[in-house]
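First the structure, in the form of structure tokens, and then the observations on it.
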Amino acid sequence: MAERSKPWVMRTYSGHSTAVKSNELYRANLAKGQTGLSVAFDLPTQTGYDPDHPDAAGEVGKVGVPVVHLGHLRQLFEAIPLSEMNTSMTINATAAWLWGLYLALGEEQGADLRQLQGTTQNDIVKEYLSRGTYIFAPEPSKRLIVDMVAYGITNAPKWNPVNVCSYHLQEAGATPVQEIAYALATAIDILDALRDSGKVEPNEMDQVVGRISFFVNAGVRFIEEIAKMRTFTAMWDEICRTRYGVDDPSLRRFRYGVQVNSLGLTEQQPENNVQRIVLEMLGVTLSGDARARAIQLPAWNEALGLPRPWDQQWSLRMQQVLAYESDLLEYPDIFAGSVVMDAKVKELTVAAQIELDDVLALGGAFAAIEELKSRLVASQAERVARIESGEQIVVGVNRFTETTLSPLTSGTSLDSILTVDPAVEREMIDDVVAWRKNRDDTAVRDALQELARVARSSEPRDNIMVPTIALAKAGGTTGEWADALRAVFGEYRAPTGVRVGVANRGDQFASLVARSRAIGEHRGTPPKLLVAKPGLDGHSNGAEQIAVAARDAGFEVVYQGIRLSPEEIVAAARDEDVDIVGISILSGSHLALVPRVVKGLRDAGVDAKVVVGGIVPDEDAAKLRAHGVTAVYTPKDFSLGAIMSDLLGMVESLN
């Protein structure tokens, strides 16, 4: 048998409820053959709030594990030596804090920090453009990234302090060309800032460049995805060589991990997601010269809710069968010399270079957030319109919709998704209150003061990681770290990117516009929709597409962006005198937040209709309707035209 290449690191993206329960899950996954960890944090942890903060209500433990203090990280990695683990942490705005906790725990465990391996995602640009868990404005956020990289080069040189993440760009609608260009522009922005910061020596820049890693997406068009990865690899090599003068080919290597596409996973016939995931995995494994170094696969039922351990095991087994049963790893790059592949790579390279040059001409990725956001919203609108028109086929959604009842999702003997016990939030609040009572308050206060001083400092010798680690050891909390920096840096609201007329809607929308005009002529004002995102959920793609489609259908639309409190939504509905309040929630906190909004509207005398969109199980939808919600839309309701028709019908009924 031919000598086999070494398999990639195999992970599952996981974490829920509490650190103790997540630790049980991690150890079970490692026992099943997983070779690395990928930690999912809950939204309060990602956005810098402790569980007892009012903005954390309904969100604790829902989409990941809450980590508030060093005690939680001890629980999370109980019986998991950090010195033997390759850990990926999907954390961005609070990345410095979580890494500080990790390094503090590593010291406790006696690990040599210079040997620790892992990654903090730490790509704030894609948070502004897609995922939404930002706190601070671009410039102070860039400063935090610079400090982490500079600290890592000296103290934890095997750690990847930044993982430029194009994954969420594709989820937000990016084409392959946009995904390549915007990710490379982000990396260039970070490296230029490091070079000019005075925090790394000129002779260290080669090593700095070598620590930049990437996290990409792979869609079902896996041939194009292979070409995309080969393009990424070649363009990054050229940037490293010509822009930063890196001569060592090993330091110019495009090192990337991947989670394959979740955007294309469907609620309808969800069993089809299995083959989608497998095909997408091929896009980042078939080409030996552009193969992923680490892979995590989504679960088949993510469009339904939070996957169970069994679902994650299925995704892990997909990787293992490909790596250990197939002959993939016995061959060199099977696309070397391919005329078709070379032509596609050339096509993507030319187009991506033009797009990259354009972004750099705008001042770079950090400076061009508003423009890039608008381009992504437009690109997503075009994609949605293609699916709605049938031009882009999605099996089980707009073609081949006839189906036999699925044994995977029917019946009552096995719940098809994991649910988080609502008591977890109360447990975590009690935990953090007790933690604060049993620490040295003076040490915490001193560490916070030093953190604020360093944040205000522009001296190259001051690095945010030093007081961050000190605060972690003193017993500080996620919310305290973030609040100290909020007091210095302030907070930021990213642009929404919502414009009118960005997609070709067809005849159906022409009739919707006519209905909207008729309403306006009858009562003197057009139909008016408030699109609202309560809670900490930052995944705004759906809300943005509803806002764009509603404008294209003739609605006047009010959309103020993400992370609004129920009280702010009520005030906007009252002040704007809207007909409909459309609430978008993807974090699973709909039962906690929507009733608060509905009650607030009624108490304020607002009689607008309320509709909800998100990943909402049928039994939860029934509960929402009982609270006064008129309609609930889930991923199976892919036709924006049909949704707009429903909304216009609601307004017509009011008149």
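The values are calculated or read from the model by the stated rules, or taken from the named source; none is laboratory data. Predicted model only: the values in this text are computed from it and were never measured. Backbone-built Cβ (ideal geometry, glycine too); neighbour counts: all protein chains shown. Calculation scope for accessible area: heavy atoms of the full protein, side chains included, ligands and nucleic acids excluded. Shrake-Rupley method; radii C 1.70, N 1.55, O 1.52, S 1.80 Å.
Some observations on this one:
- Test: residue in the stretch 64-80 that is in contact with an Asp or Glu (Cβ under 6 Å, 6 or more places away or on another chain), part of a loop (DSSP other than H, G, I, E, B) and among the β-branched types (Val, Ile, Thr): yes
- Which listed residue is at negative phi, open to solvent by 80 Å² or more (accessible area, probe 1.4 Å) and touching a Lys or Arg at 6+ places or on another chain (Cβ under 9 Å), from ILE393, ILE464: ILE393
- Residue match in the stretch 487-501 (condition: among the hydroxyl-bearing types (Ser, Thr, Tyr), part of a helix (DSSP H, G or I) and either at pLDDT 95 or above or under 23 Å from GLN109 (Cβ atoms) (or both)): no
- Residue satisfying condition, being in contact with a strand residue (DSSP E or B) (Cβ under 7 Å, 6 or more places away or on another chain), in contact (Cβ under 8 Å) with a residue 12 or more places away in the chain, on the phi < 0 side of the Ramachandran plot and of a type in the set (A, V, I, L, M, F, W, C), within set ALA294, ALA336, ALA303: ALA294
- Count of residues meeting criterion [of a type in the set (Ser, Thr, Tyr) and assigned to a loop (DSSP other than H, G, I, E, B)] in the stretch 130-166: 3
- Exactly one residue among ASP552, ASP483 is of a type in the set (D, E, K, R) and surrounded by fewer than 21 Cβ atoms within 10 Å (Cβ to Cβ), and that residue is ASP483.
- Inter-residue pairs, beta-carbon under 8 Å, first more than 21 Å from PRO617 (Cα to Cα) and surrounded by 17 or more Cβ atoms within 10 Å (Cβ to Cβ) and in the stretch 416-429, second at pLDDT 90 or above and among the charged types (D, E, K, R), 6+ apart: ILE429/ASP52
- Residue count for the stretch 618-636, restricted to those that are in contact (Cβ under 8 Å) with a residue 24 or more places away in the chain and among the charged types (D, E, K, R): 3.
- Residue selected from the stretch 218-236 under the condition open to solvent by less than 10 Å² (accessible area, probe 1.4 Å) and not in a helix (DSSP H, G or I), by the criterion nearest to VAL258 (Cα to Cα): ALA218
- Of all residues in the stretch 140-159 being farther than 13 Å from LEU194 by Cα and open to solvent by 20 Å² or more (accessible area, probe 1.4 Å), the one that is nearest to the chain's Cα centre (by Cα): PRO140
- Just so you know, in the stretch 309-361 the residues that are of a type in the set (S, T, N, Q) and not in a helix (DSSP H, G or I) include one that is farthest from TYR26 (Cα to Cα), and it is SER338.
- Summed over the stretch 504-543, residues that are open to solvent by 60 Å² or more (accessible area, probe 1.4 Å), touching a Leu at 6+ places or on another chain (Cβ under 7 Å) and either charged (D, E, K, R) or part of a helix (DSSP H, G or I) (or both) total 1.
- Subset of the stretch 167-177 that is modelled with pLDDT of 95 or more and either in a loop (DSSP other than H, G, I, E, B) or over 15 Å from ALA218 (Cβ atoms) (or both) - its residue that is least open to solvent (accessible area, probe 1.4 Å): ALA174
- Any hit, the stretch 558-574, residues being in a helix (DSSP H, G or I), in contact with a Phe, Trp or Tyr (Cβ under 9 Å, 6 or more places away or on another chain) and buried (at least 22 other Cβ atoms within 10 Å of the Cβ): no
- Once the stretch 29-52 is narrowed to residues that are crowded, with 20+ Cβ neighbours inside 10 Å and over 21 Å from the mean Cα position of the chain (by Cα), the residue that is nearest to ALA156 (Cα to Cα) is GLN34.
- Sole residue being in contact with a strand residue (DSSP E or B) (Cβ under 9 Å, 6 or more places away or on another chain), surrounded by fewer than 23 Cβ atoms within 10 Å (Cβ to Cβ) and part of a loop (DSSP other than H, G, I, E, B), chosen from ASP637, ASP620: ASP637
- Among the criteria (1) open to solvent by 30 Å² or more (accessible area, probe 1.4 Å); (2) touching a Phe, Trp or Tyr at 6+ places or on another chain (Cβ under 9 Å); (3) in a helix (DSSP H, G or I), the one LEU286 does not fulfil is (3).
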